[in-house]
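**Q** Sharing a structure here in structure tokens format.
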Amino acid sequence: GAQRAGAITGFTATGSNIGYGPESADKRKTEIYAKASPLQHSTVIHTSNGDNTTTYNGADAWYAAPLRPIAVLPLAGQELEGAKIDTQLLFPAMVQQIAQRWRVGVSTTIDDKDVEVVQGNTASGTIVTLYFDQMSGLLVRSIRYSDSPVGKIPVQADYSDYRDVAGVKMPFKFTTTWLDGRDTFELTDIKANGTIEAARFAKPAPSTPPRPAARPAGR
């Protein structure tokens, strides 16, 4: 219900991430931090080359990763709005606020499940389509479309493995797919309404490789 959903004001989560292509060989430790008010979100993926960090602080967003021409990339335009939408989707009580007006689409099927389809436009015109399981009412897929010189580019997220967190069903597995990549997150723990340091949502520092383990001293 709305009251229980609204009672989740933030959470921390831990689990693993599997990337795409060469990054799919290993499960990488992952941390997620999110707050509903102010709306903030940070995801940290620990890789062998250093941390991949995506942070949205309510006004600005950045992506920091190793082996990139720009160590800390500011997000702008529809990429910045996409970071906001992705954060809103983390909180069930905020889903309706993503768009100013929603319209019902034609029902369809995803993975042998009948789903209801709703679509809306954000204030800046980004199209967001949501797919809800007819039986459970849970969100099973979201797609947001960004403009590009060759047309609309979709970013799709699929949600599954819903479990109870403080009386609210939240997905412990979700896969995000875009034009040339894919990220799969499998969470092992979500803690609601704990204290999160403000520094978690600050502009991330450039990624640096982890230090090698110290060798034992010789005799």
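The values are calculated or read from the model by the stated rules, or taken from the named source; none is laboratory data. Keep in mind the model is a prediction, meaning the values are calculated, not measured. Please note: Cβ atoms are built from the backbone with ideal geometry, for glycine as well, and neighbour counts cover all protein chains shown. Ligands, DNA and RNA are stripped out before the accessible areas are found, and what is left, the full protein with its side chains, is counted by its heavy atoms. Shrake-Rupley method; radii C 1.70, N 1.55, O 1.52, S 1.80 Å.
**Q** If Gln134 satisfies all but one of (1) modelled with pLDDT of 95 or more; (2) under 19 Å from the mean Cα position of the chain (by Cα), what's the number of the condition it fails?
**A** Answer for Gln134: the failing condition is (2).
**Q** Still on this structure: Could you tell me how many of the residues in region 69-104 are of a type outside the set (A, V, I, L, M), part of a loop (DSSP other than H, G, I, E, B) and surrounded by 14 or more Cβ atoms within 10 Å (Cβ to Cβ)?
**A** First, the residues of region 69-104 that are of a type outside the set (A, V, I, L, M): 69, 74, 77-79, 81-82, 84, 86-88, 91-92, 96-97, 100-103.
When the remaining residues are screened for being part of a loop (DSSP other than H, G, I, E, B), the result is 69, 91, 100.
If we keep only those that are surrounded by 14 or more Cβ atoms within 10 Å (Cβ to Cβ) as well, we get 91.
Result for region 69-104: 1.
**Q** List pairs: first residue in region 102-130 and free of Cβ contacts under 8 Å to residues at least 24 places away in the same chain and among the aliphatic types (A, V, I, L, M), second residue loosely packed, with under 10 Cβ neighbours inside 10 Å and in a strand (DSSP E or B) anywhere in the structure, Cβ distance under 6 angstrom, at least six positions apart or on different chains.
**A** Taking only residues 6 or more apart or on different chains, the pairs are Val118/Val104.
**Q** Another question, then. Among the numbered criteria (1) crowded, with 18+ Cβ neighbours inside 10 Å; (2) under 21 Å from the mean Cα position of the chain (by Cα), which single criterion is violated by Val115?
**A** Failing condition for Val115: (2).
**Q** Quick one: in region 26-51, which of the residues that are closer than 16 Å to Arg182 by Cα and open to solvent by 30 Å² or more (accessible area, probe 1.4 Å) is modelled with the highest pLDDT?
**A** Lys27
Okay, residues lined up against (1) open to solvent by less than 30 Å² (accessible area, probe 1.4 Å); (2) touching a Ser or Thr at 6+ places or on another chain (Cβ under 6 Å); (3) at pLDDT 95 or above:
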site: Ile143; (1), (2), (3): yes, yes, yes
site: Val150; (1), (2), (3): no, no, no
site: Asp161; (1), (2), (3): no, no, yes
site: Phe172; (1), (2), (3): yes, no, yes
site: Trp178; (1), (2), (3): no, no, no
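**Q** Next question, about the same structure. Give Thr54, Thr109 a once-over and let me know the one that is at pLDDT 95 or above, touching a helix residue (DSSP H, G or I) at 6+ places or on another chain (Cβ under 9 Å) and open to solvent by 40 Å² or more (accessible area, probe 1.4 Å). Full working, then the answer.
**A** Numbers: Thr109 fails: touching a helix residue (DSSP H, G or I) at 6+ places or on another chain (Cβ under 9 Å).
Of Thr54, Thr109, the one residue that is at pLDDT 95 or above, touching a helix residue (DSSP H, G or I) at 6+ places or on another chain (Cβ under 9 Å) and open to solvent by 40 Å² or more (accessible area, probe 1.4 Å) is Thr54.
**Q** Being under 20 Å from Glu79 (Cβ atoms) and assigned to a strand (DSSP E or B) is the filter here; which residues of region 34-50 pass it? I'd like the intermediate steps shown before the answer.
**A** In the first step, residues of region 34-50 are kept if they are under 20 Å from Glu79 (Cβ atoms); the result is 34, 38-45.
Within region 34-50, Ala34, Gln40, His41, Ser42, Thr43, Val44, Ile45 meet the criteria.
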